[in-house]
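What follows is a single structure, written as structure tokens, with notes after it.
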Amino acid sequence: MYKKIIFLFIIILLNGLTNTTKLNLLVSLPQFAMILYFIVFNKIDKAIFWHFLFFITSFTYYGDASTAEAGVTLTSYNYAKLKLIGPVGFSHIIATLLFVRVLRRPLIKKNDVFYQFYKFLIYLMITGFGLGFIGFTFSDYYNEGLVQYGSYVIVIFIHTTILYRMNNTVLRERFYEIIVPLLVLFPISTFILSIINPEIIGEPAASFYSMLLLPALLNKKKIAFILIGLIFLIHNSIVLGSSGKSLVMLLFFALITLVLSFNKNVKLRLPIRSRIIRVISISFIFSIPTIILILNQKYGGSSSIVSKMYQVRTLGEFILYGGNLQNISSSPYIRVTSLLNILYEGLENPIILLFGRGYGGYFNDHFNYFSGLDLYRGAFSDRAILSGNYYTGHDTMVTIPMFNGLIGFYLLIKIIIKYFKLSRINFIALSVIPFLLLAFYFDTLIGVTGVLLLFVSTHNTLDLKRM
């Protein structure tokens, strides 16, 4: 196991150092060769294991306003992102080969939560593609939306099917054993790369889930390595900056860990550790305003965490106390008003309200919520802004109602609740919150990592049972 961890750590660092450059091919091409070797010689378990690990340790890059304004287009050459033609990548070909191989295995319909997630994806594809094709035939739907969201759900479905069809408890246990070390390596590698070269672009999308290290403190026997990862995670969030979603999840998981530390079983098994965690969690939560105040005095609005926390605060105040929409910061404001427009259109057409518009569909700004906003800085594409037909969303709360309707949203909430209940047995099930509640339909690297974590969540053996 230690050899695998060191090997993956080296891969993460090499991916970071060479990301968006052709030098990254020196990493990705041997990875493709390795997986193809396993497939050709019928070592499917190994092919699946390493395909997922190579995929989730690849770096992502979303672009930014400065490169967009300069007309610069950066290309990724890593395992997950290397393109063959159009949106189709070499890793998609590998996944398809594995998909075809596992289809030969009998489908065992186990009534577990991962199977419920599998069926949920089938519903998304039926409504997304079905209504999308109807929209293309009889309306003016956008092929960009079909390609973007259709290709995403296909990639997620293929990887879900691979894991579900394998029905292999040994494979699940191997993933379970390596997931937490990987979650520790991500913030450490981000810190190291920032020291080597502050201009490093992107990060492993799987690092989005590193906040799972917080509840891991109450579920893993040895926590020294986890504590190291948490120190780097908190440092990176404050000093290097973090997305609004990641900050919200970090605070949420701190609260979850605090609540879990009061659990009777946890207090009986880990009396000293649970007390320490309560003190640290409470101290961390109450120190956040002080940290933000210090950063605000030193950097002003130029501090990333200050800017993101301001966005979170304004959205939280609106949700809790109501008031004027205009008081919400621009980023969450766009999300809230997008959802209001989508629901308004649904009220005019019950079919759209229940089943969504399908991929390629769009909404309009009926109440001029977007008037006066600078939408060209990453909010929507130029084509959408000029036409007034907004065919993209920014998170799950917008995209699921838009493409799959309230029925899709209801099924999503059911899956989230079931996994949340499962977290009493396996803390990794908490990954359902950042994956399905915030980031579904957003990025395939985050998505495939989320699929793997949901699969691992059904592994029912806790380290604490062996203590």
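When the test is whether a residue is surrounded by fewer than 20 Cβ atoms within 10 Å (Cβ to Cβ), over 22 Å from residue 254 (Cα atoms) and not basic (Lys, Arg), residue 404 does not pass it.
Scanning region 401-434 for residues that are under 29 Å from residue 351 (Cα atoms) and either assigned to a loop (DSSP other than H, G, I, E, B) or among the small types (Gly, Ala, Ser) (or both) returns 405, 408. Apart from one condition, residue 158 fits all of (1) more than 22 Å from the chain's Cα centre (by Cα); (2) open to solvent by 20 Å² or more (accessible area, probe 1.4 Å); (3) closer than 29 Å to residue 35 by Cα; (4) modelled with pLDDT of 90 or more; the exception is (1).
Kindly indicate whether residue 120 is surrounded by 16 or more Cβ atoms within 10 Å (Cβ to Cβ) and at pLDDT below 90.
Values: surrounded by 16 or more Cβ atoms within 10 Å (Cβ to Cβ): yes; at pLDDT below 90: no.
So residue 120 fails the test.
Against the definition (of a type in the set (Val, Ile, Thr) and under 19 Å from the mean Cα position of the chain (by Cα)), how does residue 266 come out, yes or no? No; evaluated as a whole, the condition is false for this residue.
Set side by side, the residues 199, 173 differ, and just one is surrounded by fewer than 23 Cβ atoms within 10 Å (Cβ to Cβ), under 21 Å from residue 81 (Cα atoms) and not β-branched (Val, Ile, Thr), which is 199.
Taken as a whole, the condition of being within 28 Å of residue 204 (Cα to Cα), modelled with pLDDT under 80, among the charged types (D, E, K, R) and surrounded by 14 or more Cβ atoms within 10 Å (Cβ to Cβ) does not apply to residue 221. I need every pair where a residue in region 426-438 that is closer than 18 Å to residue 332 by Cβ has its Cβ under 9 Å from the Cβ of a residue that is among the hydroxyl-bearing types (Ser, Thr, Tyr), sequence separation at least 6 or different chains. If the second residue must be among the hydroxyl-bearing types (Ser, Thr, Tyr), the pairs left are 433/419; 434/209; 434/246; 437/396; 438/396. With respect to residue 84, determine if the residue is buried (at least 20 other Cβ atoms within 10 Å of the Cβ), out of contact with any Lys or Arg (no Cβ under 9 Å at 6 or more places or on another chain), modelled with pLDDT of 80 or more and under 20 Å from residue 146 (Cβ atoms). So residue 84 fails the test. If you go through region 1-52 and keep only what is β-branched (Val, Ile, Thr) and under 21 Å from residue 84 (Cβ atoms), you end up with 18, 20, 21, 27, 35, 39, 40, 48. Residue count for region 215-237 satisfying the condition of being in a loop (DSSP other than H, G, I, E, B) and in contact with a Phe, Trp or Tyr (Cβ under 8 Å, 6 or more places away or on another chain): 2. Among the residues of region 21-38, the ones that are buried (at least 18 other Cβ atoms within 10 Å of the Cβ) and not aromatic (Phe, Trp, Tyr) come to 5 in all.
Among the residues making up region 355-369, those that are assigned to a loop (DSSP other than H, G, I, E, B) and either closer than 9 Å to residue 389 by Cα or open to solvent by less than 30 Å² (accessible area, probe 1.4 Å) (or both) are 356, 358, 359, 360, 361, 362, 364, 365.
Yes/no per residue for (1) of a type in the set (Lys, Arg); (2) open to solvent by less than 20 Å² (accessible area, probe 1.4 Å); (3) modelled with pLDDT of 80 or more:
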{"position": "249", "(1), (2), (3)": "no, yes, no"}
{"position": "253", "(1), (2), (3)": "no, yes, yes"}
{"position": "259", "(1), (2), (3)": "no, no, yes"}
{"position": "277", "(1), (2), (3)": "no, yes, yes"}
{"position": "284", "(1), (2), (3)": "no, no, no"}
{"position": "292", "(1), (2), (3)": "no, no, no"}
{"position": "313", "(1), (2), (3)": "yes, no, no"}
{"position": "336", "(1), (2), (3)": "no, no, yes"}
{"position": "344", "(1), (2), (3)": "no, no, yes"}
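Restricting the first member to region 42-55 and to residues that are farther than 21 Å from residue 203 by Cβ, and the second to residues that are aromatic (Phe, Trp, Tyr) and open to solvent by less than 30 Å² (accessible area, probe 1.4 Å), the beta-carbon pairs closer than 6 Å and six or more apart or on different chains are 46/38; 47/38.
Here's the yes/no breakdown for (1) more than 23 Å from residue 97 (Cβ to Cβ); (2) modelled with pLDDT under 95:
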| position | (1), (2) |
| --- | --- |
| 3 | yes, yes |
| 6 | yes, yes |
| 9 | yes, yes |
| 19 | yes, yes |
| 25 | no, yes |
| 35 | no, no |
| 44 | no, yes |
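Residue 79 meets the conditions (1) at pLDDT 85 or above; (2) open to solvent by 60 Å² or more (accessible area, probe 1.4 Å) in every case but one. The failed one is (2).
The values are calculated or read from the model by the stated rules, or taken from the named source; none is laboratory data. These numbers were taken from a predicted model, which means no experiment stands behind them. With ideal geometry, Cβ positions are generated from the backbone for all residues, glycine too; neighbour counts draw on all protein chains shown. Quick note on the areas: whole protein, heavy atoms, side chains included, nothing else; ligands and nucleic acids left out. Shrake-Rupley method; radii C 1.70, N 1.55, O 1.52, S 1.80 Å.
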